[in-house]
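A short write-up of the structure that comes next.
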Amino acid sequence: MEKKWWKESVVYQIYPRSFMDSNGDGIGDLQGIISKLDYLKTLGIDVVWLCPVYESPNDDNGYDISNYQGIMHEFGTMADWEELLAGLHERGMKLIMDLVVNHSSDEHAWFVESRKSKDNEYRDYYIWRPGKDGKEPNDWGSFFSGPAWQYDAQTDEYYLHLFSTKQPDLNWENPKLRREVYDMMTWWLDKGIDGFRMDVINVISKEPGLPDSSDGSGSGEHYINGPRVHEFLQEMNREVLSKYDIMTVGETVDVTPEEAVLFAGSDGKELNMVFQFELMGIDSGPTGKWEVAPWKLTRFKEIVSKWQTKLEGKAWNSIYLNNHDQPRLLSRFGHDGEHHNVSAKMLATLLHTLQGTPYIYQGEEIGMTNVRFETIEEYQDIETLNMYKDYLSKGHDAAEIMESIYAKGRDNARTPMQWNGEAQAGFTTGTPWLAVNPNYKEINVELALNDPNSVFHYYKKLIELRKQHDIIVYGKYAILNEENEQIYAFTRTLGEEQLLVVLNFYEKPADFKLDQEIRFQSKELLIGNYEVSVDEDFHQLSLRPYEARVYKLQ
Ligand code: ISL
Ligand code: CA
């Protein structure tokens, strides 16, 4: 398999609003991040993915961009951003920026022009249509509840917005718009950044004619992996990406492994890797993410194994178990109470030993958890707030909606980073924009750094191991004991070497016997989340609650 720096890297995702506030206004900012660069270096990560820091009215916390080449005033200035880039590079770390070009803000100069008149030169930068029988042009729904169309009286037409009404979709059919996007990307690359994470990049191409959904659900069939998406990305690659040594990762909703091979194929024509959503859908019912459903380990393993094997040798995986849109991994897949420490380490072991580039979301490395705010007024996220209103109007019970928010709401991931046990977890000297999780006195960076047995030090060790053992990056994946409902066990193989990973996903101890004979001359326990007696027969293991072990065999 071809060696690449972005395969060997570990990425750390920063949600700037919640990371560190340097000036007491309650909002995280660039100087805040700069003050924590040595912390990131200590952890050992290679690449920072910075969520949007561009000018924005913050309807969707920066994912609604009003100027792609300016910095959000609340976060600082372009000089601060340059200092951040230099600070990362000096310490041997890289920076990838969020590229949000499926839509802009309605306050972007292009849209301000576009809505003025039907013959404005920017009209065609967005997707405008007349209504149909006094209603929306088609039945598409917004990801953030309600229809995906907004009526605009100025020209008596509707514009398309797959996300909030303040996030009008850009019209990728227009070559002038595409040129503007490529020039803007080139401008950032020439400033020295190391790549892009591309927001919902697989929905940029809409089926011509914008037909209604075939089943009346308003779903994404006519724009998810739309007809020209690969053509557009290949053009972007030719015009921009291929000219730099960078990494690219596409956020691709509802993508299949077959599609992923096209987006992230090793032929290098489009992107380096994509984020898949299949695993994130594991605990949702048929009506979508807010319908919380129990998940099964056998299904979890089936999804992960499918992605590991179908991409093997053809495309590269990105591995993540949470991000700024998802609940905290520990509350979702582990145990955020008494087994906090061991279960966080067990999940970390999985994250770092699958084939693919691992992504750590801020706070994950200290085991931050979901939050339960008592009232809806304490929530800030537009997706959550829109859904709450929508569900209430449809007759759902408020308490039941709150339970969905506790399990799935995006603010779970967005509570401020917990730096220490002081007021506001050391995140700000003022009042944070979103309340701090009340568990910050027990879970914070200061405690983690001082405790050699902490989740933080375990992440650090996993990252170090990746640097020492090629097999962790490049080894081929194979599942063991597939039907086991409690244990996730798999091997990675590279040449004469083998890695054996065994994870107990539950509190219940388990006697575990491998379903096949593995031959070896020497074995070494690379890492585990409990003390292990040296000469235990690893073909037959007694696993403690959430126990994780990684053996290297030769
Ligand atoms: O939040 C989600 C998880 O259920 C999705 O609906 C999410 O909106 C989708 O994954 C797209 O996410 C990206 O684009 C959005 C932005 O709000 C998210 O933060 C971003 O990651 C619109 O730009
Ligand atoms: Ca601030």
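One table, with the values for the structure above:
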{"read-out": "Positive minus negative residues near Asn504 (Lys, Arg vs Asp, Glu; Cβ under 10 Å)", "value": "+1"}
{"read-out": "Helix 340-353 axis, angle to the chain major axis (alpha carbon atoms, nearest 10°)", "value": "80 degrees"}
{"read-out": "Nonlocal amide H pairs with Glu157, under 5 Å, H built at 1.01 Å", "value": "Asp152"}
{"read-out": "Sequence-distant residues sharing a close amide H with Ile360 (under 5 Å, placed H)", "value": "Val11, Tyr12, Gln13"}
{"read-out": "Burial ordering of Glu524, Glu221, fewest other beta-carbon atoms within 10 Å first", "value": "Glu524, Glu221"}
{"read-out": "Residue exposure sequence - Ile463, Ile443 - by fewest surrounding Cβ within 10 Å", "value": "Ile463, Ile443"}
{"read-out": "Within the chain, longest stretch clear of exposed trypsin sites (Lys or Arg not before Pro) (DSSP loop, no more than 10 other Cβ within 10 Å)", "value": "4-393"}
{"read-out": "Charge dipole (debye, nearest 20) of the chain; +1 at Cβ of Lys and Arg, -1 at Cβ of Asp and Glu", "value": "1200 debye"}
{"read-out": "Segment 325-347-segment 244-264 distance, computed between alpha-carbon centres (Å)", "value": "27 Å"}
{"read-out": "Karplus (6.51, -1.76, 1.60) ³J(HN,Hα), θ = phi - 60°, over segment 381-390, in Hz, Gly and Pro reported as x", "value": "5, 4, 4, 5, 5, 4, 4, 4, 4, 4"}
{"read-out": "For Leu543, net neighbour charge (Lys/Arg +1, Asp/Glu -1) across residues whose Cβ lies under 9 Å away", "value": "0"}
{"read-out": "Ellipticity estimate at 222 nm from DSSP helix runs (n ≥ 4, -39,500 (n - 2.57)) divided over the chain, nearest 500", "value": "-8000 deg cm²/dmol"}
{"read-out": "For segment 109-156 versus segment 379-443, the gap between their alpha-carbon centres in whole angstrom", "value": "32 Å"}
{"read-out": "5 angstrom amide H check on Asn67, placed H, neighbours 5+ away", "value": "Glu55"}
{"read-out": "Charge sum, other residues only, whose C-beta stays under 9 Å from Leu434's C-beta, Lys/Arg counted +1 and Asp/Glu -1", "value": "-1"}
{"read-out": "In Hz, Karplus ³J(HN,Hα) per residue of segment 53-69 (6.51, -1.76, 1.60; θ = phi - 60°; x = Gly, Pro)", "value": "10, 7, 4, 6, x, 6, 6, 10, 6, x, 7, 10, 9, 9, 8, 6, 10"}
{"read-out": "Residues of type aspartates and glutamates that Lys191 reaches as a straight line, Cα spacing below 13 Å, ignoring anything fewer than 8 places off in the same chain", "value": "Glu82, Glu83, Asp183"}
{"read-out": "Segment 475-553, dipole about Cα centre (Lys/Arg Cβ +1, Asp/Glu Cβ -1), debye to the nearest 20", "value": "240 debye"}
{"read-out": "For segment 388-531: lysine pairs under 29 Å (alpha-carbon distance), excluding those fewer than 8 apart on one chain", "value": "21"}
{"read-out": "Cβ-based charge dipole, the chain, positive-most Cα from Asn450, Gln424, Gln154", "value": "Asn450"}
{"read-out": "Size descriptor, Kirkwood hydrodynamic radius, that averages inverse alpha-carbon separations across the chain, Å", "value": "24.5 Å"}
{"read-out": "Sequence of Met346, Met1 once ranked by neighbouring C-beta atoms within 10 Å, starting from the fewest", "value": "Met1, Met346"}
{"read-out": "Under Karplus coefficients 6.51, -1.76 and 1.60, residue-wise ³J(HN,Hα) of segment 403-413 in Hz, glycine/proline x", "value": "4, 5, 5, 4, 7, 10, x, 6, 5, 3, 8"}
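Read-outs throughout are calculated quantities, based only on the coordinates presented, and are distinct from any laboratory measurement. All of these numbers come straight from a predicted model, not from anything done at the bench. Here Cβ is always computed from backbone atoms with ideal geometry, including for glycine, and neighbour counts include all displayed protein chains.
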